[in-house]
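The values are calculated or read from the model by the stated rules, or taken from the named source; none is laboratory data. Because the structure is predicted, anything quoted here is derived from the model rather than measured. Methodologically, a virtual Cβ is constructed for each residue, glycine included, from the backbone with ideal geometry; neighbour enumeration extends over all protein chains shown. The protein model used for the area step is the full one, side chains on, heavy atoms only, and it has no ligands, DNA or RNA in it. Shrake-Rupley method; radii C 1.70, N 1.55, O 1.52, S 1.80 Å.
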2 protein chains.
Amino acid sequence: MIDFVLLIVIAICIIALGLAAILTRNLLSQDEGTPKMREVADAIRVGAEAFIKRQYSTIAVLAIVSAVVIFAIYYFTGQQAIALATAAAFIVGAACSAVAGVVAMWIAVRTNIRTASAAQTSDGKALDFSFRGGAISGLIITSMSLLGVSLTYIALGADPTHTPFVIIGFAFGASFVALFAQLGGGIYTKAADVGADIVGKVEAGIPEDDVRNPATIADLVGDNVGDCAGRGADLFESTAAENIGAMILGVALFPIFGVNGILFPIVMCSLGLLASMIGILSVKGVDGADPMDAMNRGYYITAIISAFFLFGGVYYLLGATPGWMYFVLAGLVGIALSVAFLRVTLYYTDHHYRPVQDIADSSETGAGTNIIMGFSVGLETTAVPAILIGVSLLLSYWCGTMTGIPQGGLYGTAVATIGMLMVCAYVLTMDTFGPIADNAGGIVEMSQAPDEVRHRMDKLDAAGNTTKALTKGYAIGSASLAVFLLFNAYMADIAKLTGKAFEVVNLANVNVFVGALIGAMLVFLFASLAIRAVSKTAQYVIEEVRIQFKDPGIMAGTKKPDYARVIDITTQGALKNMILPGALVIIFPIIIGVTMKYEALAGFLMVATITGILMALILNNSGGAWDNAKKYIETGVHGGKKSEAHKAAVIGDTVGDPFKDTAGPSLHVLIKLLATLTLVLAPLFI
Amino acid sequence: MIDFVLLIVIAICIIALGLAAILTRNLLSQDEGTPKMREVADAIRVGAEAFIKRQYSTIAVLAIVSAVVIFAIYYFTGQQAIALATAAAFIVGAACSAVAGVVAMWIAVRTNIRTASAAQTSDGKALDFSFRGGAISGLIITSMSLLGVSLTYIALGADPTHTPFVIIGFAFGASFVALFAQLGGGIYTKAADVGADIVGKVEAGIPEDDVRNPATIADLVGDNVGDCAGRGADLFESTAAENIGAMILGVALFPIFGVNGILFPIVMCSLGLLASMIGILSVKGVDGADPMDAMNRGYYITAIISAFFLFGGVYYLLGATPGWMYFVLAGLVGIALSVAFLRVTLYYTDHHYRPVQDIADSSETGAGTNIIMGFSVGLETTAVPAILIGVSLLLSYWCGTMTGIPQGGLYGTAVATIGMLMVCAYVLTMDTFGPIADNAGGIVEMSQAPDEVRHRMDKLDAAGNTTKALTKGYAIGSASLAVFLLFNAYMADIAKLTGKAFEVVNLANVNVFVGALIGAMLVFLFASLAIRAVSKTAQYVIEEVRIQFKDPGIMAGTKKPDYARVIDITTQGALKNMILPGALVIIFPIIIGVTMKYEALAGFLMVATITGILMALILNNSGGAWDNAKKYIETGVHGGKKSEAHKAAVIGDTVGDPFKDTAGPSLHVLIKLLATLTLVLAPLFI
């Protein structure tokens, strides 16, 4: 018997997929621009599809091996009953995540050209197209995640107190794929970008996205495979992991709420998806207006509707406790946190505020001071978010306690996380809009379209940069709340396996302290390797571009550079260099857990998470601030383009690239991967 | 009745002070070089003394206010009996730390000129002088720390089970002064350095230490006030804090070892001081030889003698347990860790190995890739040290457990820490040698001495750079061990105050988790502000130098630049900009402790410490690696000086400056300050 509320979830997902289908059909019927545009767009599409195909083939092999290992671990640790189910859930989660990534990329490479074409006549229309392209991804990814969890839950027997512990395989599968997708895509996109910039802008002195630069197409491909596919997979697993974690916590409340407490997370997320649909449909591009206005309005609409749904959902599902209003409050804390995170990120990465202006100022005295200031700003950006996360956790925990039910505090933090993730589909839409606009701008530039078209796209591109920074802030904020409940799910899982309570992770115990130290270290080591991977891959790109530039025909613009060769080199480099960091973060926790057991591993997990959150903030925000300091100087301040300050700012931007688009976003995935990995492999650590 | 072993400590300290006096007398009788050299050296001495005077006046005010606050806290939380004693111990600790810093600076500004003079004829003699100058500081600082703790212990009644809890004030006083000394000195030295480099080397294209650059003297002053006085205060408080922490742990073992277990740490440190004296006297400079050979030999001699003393000391003091050999093993783990840390630091910062070479390679493609690679190397350097610390903690804990006494494991880690700190005086000697050699090199350069003299000094200067990097590695390694025992001292202190056991710091508790998150964040925020302070102060320097360079007489070399003005500006800037970061790290833990109480504060403290250790490694080692990559290129590889690769490497070096000489070393102090602060203010947090 399938629970009635599950039918609501499935229905909303089907509506969302239907809306996505309508939007897709509508979009594909639009004009594809000039032949020159199509030529560029085709090259991007072919490159992106080739990369994704090779990347996911690699990931598929890794995933199948892992599934076998998971099966073996369960089988040989006395968990034969659920060995196959867990391994199967892992494969389904991995497959869904892969599909989410592919869909995001598929839509993006088809929307970019249509956006570029629309920009020939109207910037409002260009916004509409690129935003709807983003919406298609957002809707499909979110509903895939919800459908995946719901159907797996049903397939595994829908036993409220048992099934949540089995579908953790789904979350781990999603994280597993997301890690490699984000890492590989992130390395690809930045290696191509850094390579193109260093030889093109710095050495040869030609503008960005110049047709003569053989790395430009690879750079544009990168936007699709790194930003679209990567963040798609990231937020897919966020929703999946958080839903499953909250379901596990719901098991403890089964005596009070019954199955409602367990299904609460997915029902609320589906209502959030409904709210996002309304928000998405409310966005209308207006010629001449700031695109951020329309998108911000849509965001606030989504948030407000979500708040109402939250009220209704809590009343309907958790109304069994007289203190249910406190759960509503906890959820509102989550929604408020999502808004606060966006504002803080905006402050640190927008040139209207002090931090970016400071970086631009310090560019006057050269690259050295630009880097020092940018790094200092990056470190500073941890302060307010950490306090916000801390206050939100304490507040939502307090709200939960006030409901008067046992373990209510913990469930309060879960409700806050759910509140934050309700707007997920809308945020994903804004996020995917960014690289689409960026790509369309590249197409316009490379097809040598008239100046007015470029200006239209520049505005959209700038908005895209802002939304990309904002959504990274959102992703890390929601991850920080989600992991706290995932820790507790891990502890509940261990308690279930050992049959005794596991409520204390004693940092004063020497094993736990050492575990924590190694956990924090792993984050830095991972970031090091992710950054190094970009550097290594960029070296291959740089060498190839230099060789091609030696051909006088290419620099004169009479001969077409060999784009495909650079794409191929970048693809190979990215796939090769993603293996080591990826493997490391899977092997390390297993070693710690097997040798020092579950409590030390919990210390490892928690401190790795804290460090990971803060480090991701540092990397994302410093990168965003450097980028925008450069763009700010390009508006004419501090001497504008071609000034010494601009040269310094370009170096800062180059440094920030692997920070904000490779290491930072990969850390989002890392912290959730660690949480789901420890959950799934728990039988090994007891 | 003063215990017999305390007399040994005092006797060894007096011998060390006597040796320091002899070395000083000998050194001061040496030739002071050419009038030109004396002119430069006088300017440095006057500048350094002026800065130290103003800096310590500021610190004195802050310390007196803090002493009053401490008194009030104790008085009004029912601890009237020890309020005055704790506040007095704080003042004594602060005063001793200040004296240690002043002594280090006083010797350094008198040794530099004599080293420069000796370099006119012999590089062996130059090494002897500079190394002995370092030794004077090392001996005085270490014996001051031991004498301070011993005499305060006696003055406070020498009650074995009570006094250790009162002299924590001494350790906090020492940390307090060390923080501001290191921070202010670190800001000063790097602001002057960055300012001098940016306008001199980058903008005007004149060499380092050129007499025409008005910031050169300030730069040389900085070596004395930042490196000498700063690290002097740092290691002074390391010994003090560690000794006191270990004494507190010894209280728990009183039934077994009596007063011996409590006095064990200071006795062992004094024996280590004796070993260091032998090591120091064994160092003899040889013309034409690598100075590192002589210093390394001396280090190994010190380490081996310490190992023998360790054996004897454990047998004599802790022989009451049949398993005493395991304590010897634990101590050997500490000595081995100190050697291992030096080797790892060498690997990461010496150009003979892969990391520095990678950075040099990546300079070929510009400053962007140089920075990316350097930062990646910095992040990577956390891996092996973290594992080494983890293994040492586990091993020494295991050794302690094997002795079979209750709480033996914890005491095992204390013995390891003591083992590591036995070589402290020798390490301090090597450390202070670095800035003295650097300064002497500057004097030789500025007095336009003949080329052969410069070459002699260059070799010594290079060795000084290596020892500076190594001793930073040692400082952070010993701090990491020390803090684990300081945590436990804090927990013992809280247990004593509340009258109930405090053995669990539960990271799964939401308060503790939030405390931990804020603790980790504080490290990043502090690093941000420390780096920013350099940047801000450097801006003042840059502006002033630019103004002076507009005078054609100065650039032509016919008019003397106004060195004093730059010194004055740097002094003011450094003192102004050290207040905010310094105040923050004192206020934050108090807020957390007062609002969320002692367990959350313990989480804060532990995770701040983990993050602080790793962040210090990142900052120190990346800075050292960038510096040496630049020096490596200057040897002629990748096009040598004036190549594009060199320009890129200079930018990397500039970025690394505030990392390795301001923020990194200040973090060493920070983590110990947090530990001693929480200990002393414990009554507030219950």
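Key figures for this structure:
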| quantity | calculated |
| --- | --- |
| Paramagnetic reach from residue A:503 (point 7 Å along Cα→Cβ, amide N under 15 Å) across the range A:388-408 | A:401, A:405-408 |
| Delta accessible area of at least 20 Å² on complex formation, residues of the range A:187-228, 1.4 Å probe, chain isolated as reference | A:198 |
| Chain pair B, A: total accessible area buried, heavy atoms, 1.4 Å probe, Å² | 6000 |
| Residue-wise HN-Hα coupling along the range A:417-425, computed from phi with Karplus coefficients 6.51, -1.76, 1.60 (Hz; x: Gly, Pro) | 4, 4, x, 5, 7, 4, 7, 3, 4 |
| The range A:518-598: trypsin sites (Lys or Arg not before Pro) in DSSP coil with no more than 16 other Cβ atoms inside 10 Å | A:550, A:559 |
| FRET efficiency, residue A:208 to residue A:311 (Cβ-Cβ, R0 45 Å, nearest 0.05) | 0.40 |
| Residue B:352/residue B:325 FRET efficiency (R0 35 Å; Cβ-Cβ; nearest 0.05) | 0.35 |
| Average other protein chain Cβ within 10 Å of Cβ, residues B:373-385 | 6 |
| Per-residue HN-Hα couplings for the range A:469-482 [Karplus 6.51, -1.76, 1.60; θ = phi - 60°; Hz; x = Gly/Pro] | 5, 4, 5, 5, x, 4, 4, 6, x, 5, 4, 5, 5, 4 |
| Approximate spin-label separation residue B:551-residue A:297, in nm, with each point projected 7 Å along Cα-to-Cβ | 6.2 |
| Selection of trypsin sites (Lys or Arg not before Pro), the range A:469-509, meeting DSSP coil and at most 10 other Cβ within 10 Å | A:500 |
| Percent carbon-and-sulfur accessible area, the range A:244-401, ignoring ligands, DNA and RNA, probe 1.4 Å | 70 |
| Inter-probe distance in nm under a simple model that places probes 7 Å from Cα toward Cβ, at residue A:39 and residue A:21 | 3.8 |
| Centroid-to-centroid separation of the range B:499-545 and the range A:203-220 [C-alpha atoms, Å] | 41 |
| Gyration tensor (alpha-carbon) shape descriptor, the protein assembly as shown, a/c threshold 1.5 | oblate |
| The range A:1-138 shape via C-alpha gyration tensor axes, a/c threshold 1.5 | oblate |
| Shielding of B:607-616 by partner chains, average beta-carbon count, 10 Å | 5 |
| Estimated 222 nm signal from helices in the protein assembly as shown, with DSSP H stretches of n ≥ 4 weighted -39500 (n - 2.57), rounded to 500 | -29000 deg cm²/dmol |
| Alpha-carbon centroids, the range A:338-397 and the range A:266-327: separation in whole Å | 27 |
| Partners for residue B:576 among lysines (Cα-Cα distance below 29 Å; same-chain residues under 8 apart left out) | B:53, B:190, B:201, B:468, B:472, B:536, B:550, B:560, B:660, B:672 |
| Solvent-accessible heavy-atom area per residue, rounded to whole Å², over the range B:552-683 at 1.4 Å | 27 |
| Rounded FRET efficiency, nearest 0.05, which uses the C-beta distance separating residue B:72 from residue A:387 and R0 of 30 Å | 0.60 |
| Whole-percent carbon and sulfur share, accessible surface of the range B:94-217, 1.4 Å | 62 |
| Cleavage-rule hits, GluC sites (Glu not before Pro), the range A:424-514, DSSP coil, Cβ neighbours within 10 Å at most 13 | A:503 |
| The range B:273-351 - accessible surface per residue (Å², probe 1.4 Å) | 40 |
| Average partner coverage of A:646-659, which counts Cβ from other chains inside 10 Å | 3 |
| Ratio Rg/Rh [Cα only; Rh per Kirkwood] for chain A | 0.96 |
| Packing-based ranking, highest mean first, of B:155-163, A:116-124 given that Cβ atoms within 10 Å are counted | A:116-124, B:155-163 |
| Largest-first principal axis extents of the Cα set of the range B:302-397 (Å) | 64, 25, 13 |
| Euclidean distance of C-alpha centroids, the range B:44-105 and the range A:178-196, integer Å | 52 |
| Rounded to whole Hz, the Karplus (6.51, -1.76, 1.60) HN-Hα couplings of the range A:533-549, x for glycine and proline | 4, 5, 4, 4, 5, 4, 4, 4, 5, 4, 4, 5, 5, 4, 4, 5, 5 |
| Residue-normalised accessible area of the range A:14-137, given per residue in Å² at a 1.4 Å probe | 40 |
| Global geometry of the range B:537-686, whether rounded, prolate or oblate, following the gyration tensor of its Cα atoms and the 1.5 cut on a/c | oblate |
| Accessible-area composition of the range B:405-474, carbon plus sulfur, in percent [1.4 Å probe] | 48 |
